[in-house]
1. Taking θ = phi - 60°, what integer Hz values does the Karplus form 6.51 cos²θ - 1.76 cosθ + 1.60 yield along segment 65-81, in sequence order, with x for Gly and Pro?
2. Using only Cα atoms, what is the ratio of the radius of gyration of segment 120-168 to 2.2 N^0.38 Å?
3. What relative contact order, as a whole-number percentage, does segment 106-164 give when Cα pairs under 8 Å and 6 or more residues apart are counted?
4. Over segment 70-168, what is the relative contact order in whole percent, taking alpha-carbon pairs under 8 Å and six or more residues apart?
5. State the percent of C-alpha pairs, over all pairs in segment 87-168, separated by a distance greater than 16 angstrom.
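Only the coordinates and a few stated rules stand behind these numbers; no lab work does. These numbers come from a predicted model, not from an experiment.
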Amino acid sequence: MKKKTIVAIVGMTIFVLVAVAVNWKFSLLSNLFPSEGSQSPESPSVEAGAQTEDNYFENARYSRSQSREEALAMLNEIVNDDAVDEDTRKNAYAEVVAYAKITEGEAALENVLKAKGFEECIVFLTSDTATVVIAAETLSDQQSAQIFDAVLAQTGFESGSVKIVTYP
């Protein structure tokens, strides 16, 4: 396979992972420091009984989804481009399959954590790391152990590859 092609695929993968991380951090910061034009819960345009709590988890899921869709679109272009050599197309297809497995793993782990009583959470997986964001001020040692056990069981990662973040 051509060295340029490999570098392009690796570069694109790194770019996507950085984009996901930046979107996640930006979403976190935008929730901590709302802009002046954002509506407050007391705003008259908010319907009575409507949820006014923080949308961090919704925003993070949306950002993660958008970043993945963009990356998958680029990879699918490579897979479907007849001008691209076969090895490059196979590598791009392997990346598409990897994204599918990561997405499936994140959803499964989020469901397991919700079943264990963590009402709101989001999981960010890479090929060798997991970051779990839990809606909580703090976590007890028992809760942290539950999360670590769930992540390690679902992913097979080493405990040093797992990071738990609380989001109030």
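1. Residue by residue, segment 65-81 yields 5, 5, 4, 5, 4, 5, 5, 5, 5, 5, 5, 5, 4, 5, 4, 8, 8 Hz.
2. On the way: Rg = 10.2 Å, N = 49, 2.2 N^0.38 = 9.7 Å.
That works out to 1.06 for segment 120-168.
3. Numbers: 64 pairs, mean separation 19.7, N = 59.
That works out to 33 percent.
4. Numbers: 109 pairs, mean separation 21.6, N = 99.
Here the relative contact order equals 22 percent.
5. Numbers: 1685 of 3321 pairs.
It works out to 51 percent of all Cα pairs.
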